[in-house]
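Read-outs: derived from the displayed coordinates by stated rules, not from any lab. On a predicted model such as this, the values are computed, not experimentally measured, just so you know. Cβ: placed from backbone, ideal geometry, glycine included. Neighbour counts: every protein chain shown.
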Amino acid sequence: MNEKSLEALAAEGAVYFIFGATGDLARRKLFPALYSLYREGKLGERFAVVGLARRPRTHEQFKDDVLESIREFCRYKAEEGQAWRSFADRFSYQSLDIGNVEGMRQLKAYTEELETRYQIPGNRLFYLALAPELFGTVSRNLRDGGMLDSGGWHRLVIEKPFGYDYPSAERLNEEIRHVFQENEVFRIDHYLGKEMVQNIEVLRFANAMFEPLWNNNSIANVQITLSETVGVEERGAYYNKSGALRDMVQNHMLQMLTMIAMEPPSRLESEDIRDEKVKALRSIRGFDSEEEIRKRIVRGQYAEGISRGQEIKGYRQEESVPSDSNTETFFAARLYVDNFRWAGVPFYVRTGKRLPVKSTEIVIEFKNVPNRVLFASKQELRPNLLVIRVNPMEGIYIKINAKKPGNDMTVQPVAMEFCQSCQIGINTPEAYERLIYDASRGDHTYFTRWDELAVAWKLVDPIAAAWKSGTSEPIFYPAGSWGPEEADRLLEEDGFFWWPVNGQEEDNVIWVSNAGK
Ligand code: BG6
């Protein structure tokens, strides 16, 4: 994957610019990630971090903000000791009007001082934790202010939403590409930074027991659930324009589906992997009529309900949400990947807010043994499952049928689990740590390439357009439930059902697990 060794990267060094340094993402994710990388020697000693935002702040105030964020969100403790002090020394803050080229020129002079002081050879990573409307302006002003004339590498890291639909994403991309080459742009989908999403590749391509079965001969269906207990909290204004389709499906859900569906890449190089992902995305059957959308998609919105004993208000009662909003907070669909490997295998996806548990899981349901042979003719057998637990529990389990101990030939389902989070505890690196580290090494594997993004938008745009032009409302579901019943029907029509996720196990299954079940 074009990796540079730890020593090489650490020796090379870079300046990290955090635009939007007083915002929530910086506080919750970016500062803690940088500190963890530092503690693990992945930043080396030749680095500096410059926080940028409009608001005036002294260097010392900024360092206090960073310390507080690390105390609250980082998996390493920020003791007042040497490690913290030498890390904090590298942080400074500049108040900047990003619309002003003169400000960028001053930033350039300041950066050169830092580079001389820490012997950094002009490598600059610009992390835009900003609204996407600003990406174009910042890129242009970075160039016009001379920030890209440093002789080292320049990388732009940007966060979703990358546009609102295909045309706006394309415009945004063009603005950025006037300044940066595609190989200098790192589009973050934090799901791709998750340990278990990255593990899908290893599971599939490093095990002889799965790949031969990984197709429509052996797999009955795939189920991807990304459920959340939270509502829209204080993000109502953003979320109401976006909805689950743009917020979760266009990116995280499709990325996970693609990792399951893609063909093995010819080499483990980021471009080969991303080529395969684009091919898989292109094979997803589109929605070319409203009828198709109605048949294969369920669009829901939470109404008031009870979750974990607490009364929860409905989406339309949330702050900054219009009381007649039709925005979907739940999405479920039956998708098909129309290629030789997957023809006929339904991929069921569902995601929603205010569901009963926080859980991301991928279930691969295998076809059952023929029902007129041996044990299957005596009792109903449950299908084999391979389950990938992505979040918050990380791990894998397989469910098989075994003989129930005793004289009868009775069959008993057994689940064998490797609970990774139980083994490694909180020490698994956070998605943002991996992604910042990968961007600093120039490894694009777990970032979204423009053509992937374009295909994903083209897939969801007709759905959004049909919902916008139609008069129908979403189906309401009580907060704390599993969404509209219609989502169950999507599977029932095919003779399947949603397998229980995280913590809601089936009865009569014997568990063998390192989690001590
Ligand atoms: C974000 C969405 O991309 O992902 C949020 O904007 C969502 O609405 C979040 O809550 C879920 O991420 P995770 O890692 O907590 O499952």
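Overview of values
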quantity: For the range 384-476, average projected area of the Cα convex hull in nm²; calculated: 12.2
quantity: ³J(HN,Hα), Karplus 6.51/-1.76/1.60, whole Hz, each residue of the range 159-164, x for Gly, Pro; calculated: 9, 5, x, 8, x, 10
quantity: Whole-number D in µm²/s for the chain (Stokes-Einstein; Kirkwood sum over Cα pairs; 37 °C, 0.692 mPa s); calculated: 133
quantity: R0 of 22 Å, Cβ-Cβ distance Leu268-Glu211: FRET efficiency to nearest 0.05; calculated: 0.90
quantity: No Cys partner within the rule (Cβ under 4.7 Å), the chain; calculated: Cys74
quantity: Ala220 long-range amide H proximity, modeled H, under 5 Å; calculated: Glu365, Phe366, Lys367
quantity: Amide H contacts under 5 Å for Phe476, placed H, 5+ residues apart; calculated: Gln301
quantity: Cα-projected label distance for Thr410 with Ser95, points at 7 Å along beta-carbon direction, nm; calculated: 7.5
quantity: Span from the the range 387-465 Cα centroid across to the the range 202-242 one, whole angstrom; calculated: 7
quantity: Sparse-neighbourhood loop sites, GluC sites (Glu not before Pro) in the range 67-120 - DSSP loop, at most 10 other Cβ within 10 angstrom; calculated: Glu79, Glu80
quantity: Residue among Gly352, Asn368, Val249 farthest towards the positive dipole end of the range 240-397, charges placed on Cβ; calculated: Asn368
quantity: Folded to 0 to 90 degrees: helix 101-118 orientation relative to the chain principal axis, Cα; calculated: 90
quantity: Positive-end extreme of charge dipole, the range 418-517 - chosen from Trp457, Val509, Pro429 (charges on Cβ); calculated: Pro429
quantity: Computed helical MRE - 222 nm, the chain, DSSP H runs ≥ 4 contributing -39500 (n - 2.57), nearest 500; calculated: -10000 deg cm²/dmol
quantity: Estimated inter-spin distance, Ala109 and Ser86, nm [label 7 Å along Cα→Cβ]; calculated: 3.2
quantity: Under 10 Å, Cβ to Cβ, from Met262 - net charge with Lys/Arg +1 and Asp/Glu -1; calculated: +1
quantity: The range 206-223 - phi-based ³J(HN,Hα) in whole Hz, Karplus 6.51/-1.76/1.60, Gly and Pro as x; calculated: 10, 10, 5, 7, 9, 4, x, 9, 7, 6, 6, 6, 10, 9, 7, 6, 10, 10
quantity: Relative contact order, percent, the chain [alpha-carbon distance under 8 Å, six or more residues apart]; calculated: 17
quantity: Mean separation of Cα contacts under 8 Å (6+ apart) over length of the range 222-335, as relative contact order %; calculated: 31
quantity: Student exercise, the range 138-178 dipole from Lys, Arg, Asp, Glu Cβ charges, in Debye to nearest 20; calculated: 100
quantity: For the range 159-207, size of Cβ-based charge dipole, Lys and Arg +1, Asp and Glu -1, in debye; calculated: 180
quantity: Nearest-20 debye value, the chain charge dipole, Cβ charges on Lys, Arg, Asp, Glu; calculated: 540
quantity: Residue order, fewest to most beta carbons within 10 Å, for Leu30, Leu385, Leu114; calculated: Leu114, Leu385, Leu30
quantity: Loop-located trypsin sites (Lys or Arg not before Pro) in the range 58-117 whose Cβ has at most 13 other Cβ within 10 Å (DSSP); calculated: Lys77
